[in-house]
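**Q** Attaching a single structure in structure tokens format; questions to follow.
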């Protein structure tokens, strides 16, 4: 399991290579805030190396038939870099053969010209997230037990790093820990990481789930039995407490432990000894106990379904793992981690998610958390035949929901945001003169006034004097 990175506020650094400078400047201008564009006029050997380390997405304009081969050479030059950025290629709408050629070279995606600005912005953002996720994965693979990595868990968000920092603090100290979090968030992985960082790491790590088991079975599993303790007890059986002696015992779903066994567990923790079923002989144990639950134990204490004294005994240190929907920026990194994992396991050369597929993964709520995401990516790797996981390789609950949400919200929001920023910028350039602004935009003055009202453009925002969002990053410069 790994965690998360990135954010919607990141500036997307675009290297735009085109033989049509006027067209490139127009496209760069319409991208608006959130994009830093460097323009390159023409395709020359060595140009791509000059942008290595800065470029987040390469945008290559191959509409001119005379420049196709030199443009494809630039694509190959980019792909030969140590950490190549994703490449987005602009093509004529009718040029299907060239589209197939560039896709075979491993470009991230293509877009037909003239481009839909909203679609172009979305594609560039998705490509940049892919690039950012790839960089994070490479960095995190080199960090084991420090920084943003903890055993099999990786997390770049503040919430996950706080969990990791607390885990590292308590690992050397032989204290009981309580891990809380929804199903599928990785509670057992965190317990294993604590065990590996503790002085008990040479001892056993024994895990047992108390969920939905009858009391007698849980009693036998935890404490074992003597020969003849009950019908069918043909020999001595060691329980989980005895098996974990000298190491760590992890009790998952401790909230499901029946009340009579809660009292027995409390006594074991106090006395550090136990008796097998059918025996009066005490056995001393030396274990560290880590428990986990998805339940609210405090609420259970109030309801009388969980012992208060046991709760305080277990809750010496609590580590709470946030659900995946609360760290959505980590979905891309997690998805690419699992893509690489199962691509290698199934010997499939799958390199990326399409922009739609990645969007669907990021927008889904993941009630099953990281475990559900892993299973989803595993399924997609099995179904995918080419180098890209497409949206139709995902379960319908993700793909259908994303399409409906994208049509209902994302597209409309992008269009509204683009209109608003375009009007703000033009008003600024026209010194707040609405008549001149309307002429520049080719709009009737009455329609411009309605747009200003609909988009809630207010003078007090600094609309007519320029906004703080109009930064040098948004201007394109030709190289």
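The values are calculated or read from the model by the stated rules, or taken from the named source; none is laboratory data. Note that the structure is a prediction, hence the values are computed from the model and not measured. With ideal geometry, Cβ positions are generated from the backbone for all residues, glycine too; neighbour counts draw on all protein chains shown.
**Q** Test of understanding: among 272, 352, which residue is on the phi > 0 side of the Ramachandran plot and in contact with a strand residue (DSSP E or B) (Cβ under 7 Å, 6 or more places away or on another chain)?
**A** Numbers: 352 fails: on the phi > 0 side of the Ramachandran plot.
Matching residue, one of 272, 352: 272.
Each row is one residue, and each column tells you yes or no for (1) more than 22 Å from residue 175 (Cβ to Cβ); (2) free of Cβ contacts under 8 Å to residues at least 60 places away in the same chain.
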residue: 277; (1), (2): yes, yes
residue: 299; (1), (2): yes, yes
residue: 302; (1), (2): yes, yes
residue: 307; (1), (2): no, yes
residue: 315; (1), (2): no, no
residue: 323; (1), (2): yes, no
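**Q** OK, next. Among 290, 350, which is within 25 Å of residue 247 (Cβ to Cβ), touching a residue at least 12 places away in the same chain (Cβ under 8 Å) and crowded, with 17+ Cβ neighbours inside 10 Å? Before the answer, list the steps.
**A** Values: 350 fails: within 25 Å of residue 247 (Cβ to Cβ).
Selected residue: 290, the only one of 290, 350 that is within 25 Å of residue 247 (Cβ to Cβ), touching a residue at least 12 places away in the same chain (Cβ under 8 Å) and crowded, with 17+ Cβ neighbours inside 10 Å.
**Q** Tell me the helices (runs of 4 or more DSSP H) entirely within the stretch 291-409 that contain at least 3 residues that are within 24 Å of residue 158 (Cα to Cα).
**A** Of the helices (runs of 4 or more DSSP H) lying wholly inside the stretch 291-409, those with at least 3 residues that are within 24 Å of residue 158 (Cα to Cα) span 331-345, 355-363, 369-383.
**Q** Which one is surrounded by the fewest Cβ atoms within 10 Å (Cβ to Cβ) among residues in the stretch 237-269 that are assigned to a loop (DSSP other than H, G, I, E, B) and touching a strand residue (DSSP E or B) at 6+ places or on another chain (Cβ under 9 Å)? Break it down stepwise before answering.
**A** Step one: list which residues in the stretch 237-269 are assigned to a loop (DSSP other than H, G, I, E, B), which gives 238-239, 244-247, 253, 257-258.
Narrowing the set further to residues that are touching a strand residue (DSSP E or B) at 6+ places or on another chain (Cβ under 9 Å) leaves 239, 244-245, 247, 253, 257.
On the way: 239: 22, 244: 23, 245: 16, 247: 19, 253: 19, 257: 23.
Across the stretch 237-269, the extreme among qualifying residues is 245.
**Q** Can you tell which of 209, 243, 279 is under 39 Å from the mean Cα position of the chain (by Cα) and farther than 21 Å from residue 310 by Cα? Full working, then the answer.
**A** Values: 209 fails: farther than 21 Å from residue 310 by Cα; 279 fails: under 39 Å from the mean Cα position of the chain (by Cα).
That would be 243, the only listed residue that is under 39 Å from the mean Cα position of the chain (by Cα) and farther than 21 Å from residue 310 by Cα.
**Q** Quick check on the stretch 387-414: of everything there that is at pLDDT 80 or above and touching a helix residue (DSSP H, G or I) at 6+ places or on another chain (Cβ under 7 Å), which residue is surrounded by the most Cβ atoms within 10 Å (Cβ to Cβ)?
**A** Filtering the stretch 387-414 for residues that are at pLDDT 80 or above and touching a helix residue (DSSP H, G or I) at 6+ places or on another chain (Cβ under 7 Å), the one surrounded by the most Cβ atoms within 10 Å (Cβ to Cβ) comes out as 389.
**Q** Can you tell me which residue is surrounded by the fewest Cβ atoms within 10 Å (Cβ to Cβ) among those in the stretch 428-464 that are modelled with pLDDT under 50 and under 25 Å from residue 10 (Cα atoms)?
**A** Per the stated criteria, the residue is 461.
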